[in-house]
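**Q** Please read through the structure below; I'll follow up with questions.
Read-outs: derived from the displayed coordinates by stated rules, not from any lab. This is a predicted model, so every value here is computed, not measured. Neighbour counts are summed over all protein chains in view; Cβ atoms, including those assigned to glycine, are modelled from backbone coordinates with ideal geometry.
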Amino acid sequence: MNKPIIAPSILAADFANLQRDIDLINRSDAGWIHVDIMDGVFVPNISFGLPIVDAVRRLAQKPLDVHLMIVQPERYLEAFARAGAATITVHYEACTHLHRTLTQIRELGCRAGVALNPHTPVPLLEDVLEQIDQVLLMSVNPGFGGQTFIEHTYRKIARLKHLLTTHRLPALIEVDGGVGPDNAGRLLDAGADVLVAGTSVFKADDPMAAIRELGEYPKPALA
Ligand SMILES: O=C(CO)[C@H](O)[C@H](O)COP(=O)(O)O
Ligand SMILES: [Fe+2]
């Protein structure tokens, strides 16, 4: 099993100390910085927009993994690419012309991601898998940090892993929502490659250690 990529979500950071928290991620074992964009329409919450992404980009020494929870994401792809996104993930449920949108993301020089809400079945992606660099499985209903992990995510990971293996495709499997030390090992066992973690990192006593420990799975089983 490869070492997982840990992507701390700055949604759970202290926005009054954003530079401090980005610096912590820079010095940590995290592979990416996860950036949640919420528009108050696709999800019942508003997070932040392009000026913050641009500011994070100027502070960050790790790639920005931008998760767009917005309607009509195709209208903003160029702006987020310009603001510094390395990956742009759009929601399956928000895209009428998903194939076109994914093609546009790659043409902008970014990795193309698709997110699935908890109710959206994995097989719906079958005909666009070649256009996808990563699939983000939502393990909570999107819109808020700090929610409880939905258990059927394990089955979705296994189904997606099977689909990717069958088609010999290299897309990464990312899990987002309610991820922490209690489920990281099982998620990686099931086939996850990228773990997004907000609350379990930034509300931990030692966020740096929390990031390191998530990256240390699988741990040897206790006797
Ligand atoms: O996309 C998201 C919410 O819609 C966030 O990335 C996710 O909630 C991470 O936060 P936490 O680890 O606290 O659940
Ligand atoms: Fe997210």
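**Q** Enumerate the pairs (first residue in the range 173-194 and buried (at least 19 other Cβ atoms within 10 Å of the Cβ); second residue anywhere and in a loop (DSSP other than H, G, I, E, B) and of a type in the set (F, W, Y)) with beta-carbon separation below 7 Å, excluding pairs fewer than 6 apart on the same chain, so at least 6 apart or on different chains.
**A** Pairs that qualify, where the first residue is buried (at least 19 other Cβ atoms within 10 Å of the Cβ) and the partner is in a loop (DSSP other than H, G, I, E, B) and of a type in the set (F, W, Y), are G177/F149; G178/F149; V179/F149; N183/F149; A184/Y217; L188/Y217.
**Q** Hey, can you tell me all the residues within the range 152-172 that are surrounded by fewer than 19 Cβ atoms within 10 Å (Cβ to Cβ), among the polar types (S, T, N, Q) and closer than 23 Å to T87 by Cα?
**A** T165
**Q** With respect to the numbered conditions (1) in contact with a helix residue (DSSP H, G or I) (Cβ under 6 Å, 6 or more places away or on another chain); (2) within 16 Å of ligand 2 (Cβ to nearest atom); (3) polar (S, T, N, Q), which one is the sole condition not fulfilled by T101?
**A** Result: T101 fails condition (2) only.
**Q** To continue, here is another question. Which residues, counting only those in the range 98-124, are surrounded by fewer than 22 Cβ atoms within 10 Å (Cβ to Cβ), within 16 Å of ligand 1 (Cβ to nearest atom) and either of a type in the set (A, V, I, L, M) or farther than 22 Å from G49 by Cα (or both)?
**A** Once the filter is applied, which keeps residues that are surrounded by fewer than 22 Cβ atoms within 10 Å (Cβ to Cβ), within 16 Å of ligand 1 (Cβ to nearest atom) and either of a type in the set (A, V, I, L, M) or farther than 22 Å from G49 by Cα (or both), the range 98-124 yields L116, P118, H119, T120.
**Q** Looking only at helices (runs of 4 or more DSSP H) that fall completely inside the range 155-216, which ones have 1 or more residues that are within 15 Å of ligand 1 (Cβ to nearest atom) and not hydrophobic (A, V, I, L, M, F, W, C)?
**A** 199-202, 207-215
**Q** If we scan the range 140-151, do we find a residue that is aliphatic (A, V, I, L, M), under 16 Å from H119 (Cβ atoms) and buried (at least 22 other Cβ atoms within 10 Å of the Cβ)?
**A** No.
**Q** May I ask you to list the residues in the range 160-215 that are within 15 Å of ligand 2 (Cβ to nearest atom), of a type in the set (D, E, K, R) and closer than 18 Å to E126 by Cα?
**A** Hit for the range 160-215 is E174, nothing else.
**Q** Just one of (1) within 14 Å of ligand 1 (Cβ to nearest atom); (2) out of contact with any Leu (no Cβ under 7 Å at 6 or more places or on another chain) trips up H67, so point out which.
**A** (2)
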